[in-house]
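In what follows, a single structure is set out as structure tokens and then discussed.
The values are calculated or read from the model by the stated rules, or taken from the named source; none is laboratory data. Just so it is clear, the structure is predicted and the values come from calculations on it, not from any experiment. As a convention, Cβ positions derive from the backbone with ideal geometry for all residues, glycine included, and neighbour counts pool all protein chains shown.
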Amino acid sequence: MKTPHASYRIDRWSLSPKRKRAAPESNLDRALKDEARYRGIGDPDDYEQKLAKQLIHIRGSIGGVWRREGRHLESAHAYDSGYELERAESGYQIVDSYTLVQRLVARVLLDPAAAEDKLLVVEGLRVHEELRRAADLIRNQIAPGKKREHDEYAIADLGMVLLLLGDHTWRDELSRFFCMKNAGYAIEVTLDVLNDLRKAVGSPRASEELKHRLAEAVGLYPNNGQEVTHPIS
């Protein structure tokens, strides 16, 4: 059984991104706007926050579908739209790093040089700088006593960001993640993204160091004799 957080990153293979956008996303978007209009000023209530979370889930799922199809521009835009609700400035008080990180991964897939080039801008973002900000934010989310201290997705997201940055602690974080109990689905999801990145770094735009880090990262997962099914997030 998948945990509620795991369902955050699920895509249904039978639904196309366009079909997903045409129904659930538009309905939720309309409902969320209605709630905000009725609320006026003040903080969102629990129901409005749940609507925002569901909309993030759907937009992230759409981003994942586009990523697997190799349509990284559409993927980046889908994750961006989810991040508009996930980020602290939205006011929904959602503590997560799903679209925060995946919107940056999508840009590295568009241009692998973006991970290490401090000045390179891809789709409006200076990716290296945003990766550093993401690392700081996730470290704060998983600090001792915080809500996400033992969240497998948070640890995976931090490891992914540090790997792309070339930070020397990336091995520690990913090794810690791969050894977490009950993280099987999260591991499938993470390996899926890592393998997509490995394909992208075949580009001459990618540094040899990034290529080596990605190959090493996949090799860190011991599998422990367990079968890994194809991830769907």
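How many residues are modelled with pLDDT of 95 or more and either within 14 Å of Gly64 (Cα to Cα) or among the polar types (S, T, N, Q) (or both) when one looks only at region 90-109?
12
For the structure I just gave you, tell me whether Lys20 is loosely packed, with under 13 Cβ neighbours inside 10 Å and modelled with pLDDT under 90.
no
Take the residues in region 168-191 that are part of a helix (DSSP H, G or I) and either in contact (Cβ under 8 Å) with a residue 60 or more places away in the chain or touching an Asp or Glu at 6+ places or on another chain (Cβ under 7 Å) (or both); name whichever of them is farthest from Glu116 (Cα to Cα).
So, considering only residues that are part of a helix (DSSP H, G or I) and either in contact (Cβ under 8 Å) with a residue 60 or more places away in the chain or touching an Asp or Glu at 6+ places or on another chain (Cβ under 7 Å) (or both), the one farthest from Glu116 (Cα to Cα) is Tyr185.
Just give me the residues in region 108-139 being surrounded by fewer than 17 Cβ atoms within 10 Å (Cβ to Cβ) and within 17 Å of Asp167 (Cα to Cα), in sequence order.
Asp117, Lys118, Glu129, Arg132, Arg133, Asp136, Arg139
Does Leu131 satisfy being aliphatic (A, V, I, L, M), modelled with pLDDT of 95 or more and over 13 Å from the mean Cα position of the chain (by Cα)?
So Leu131 does not fit the description; no.
Which residues, counting only those in region 95-126, are over 14 Å from the mean Cα position of the chain (by Cα) and among the β-branched types (Val, Ile, Thr)?
Once the filter is applied, which keeps residues that are over 14 Å from the mean Cα position of the chain (by Cα) and among the β-branched types (Val, Ile, Thr), region 95-126 yields Val121, Val122.
Got a sec? Which of Arg87, Arg139 is over 21 Å from Leu214 (Cα atoms), basic (Lys, Arg) and modelled with pLDDT under 95?
Exactly one residue qualifies, and that residue is Arg87.
Which residue out of Arg148, Arg171 is basic (Lys, Arg) and surrounded by 18 or more Cβ atoms within 10 Å (Cβ to Cβ)?
Arg148
Any idea how many residues of region 193-207 are of a type outside the set (Val, Ile, Thr), outside any loop (DSSP other than H, G, I, E, B) and touching a residue at least 60 places away in the same chain (Cβ under 8 Å)?
The qualifying residues number 3.
Go through region 68-86 residue by residue and tally those that are of a type in the set (S, T, N, Q) and more than 18 Å from Gln54 (Cβ to Cβ).
So the count comes out to 1.
Rundown of residues vs (1) at pLDDT below 95; (2) touching a Pro at 6+ places or on another chain (Cβ under 8 Å), yes/no style:
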residue	(1), (2)
Leu165	no, no
Thr169	no, no
Glu173	no, no
Asn182	yes, no
Asp192	no, yes
Asn195	no, no
Arg198	no, no
Gly202	yes, no
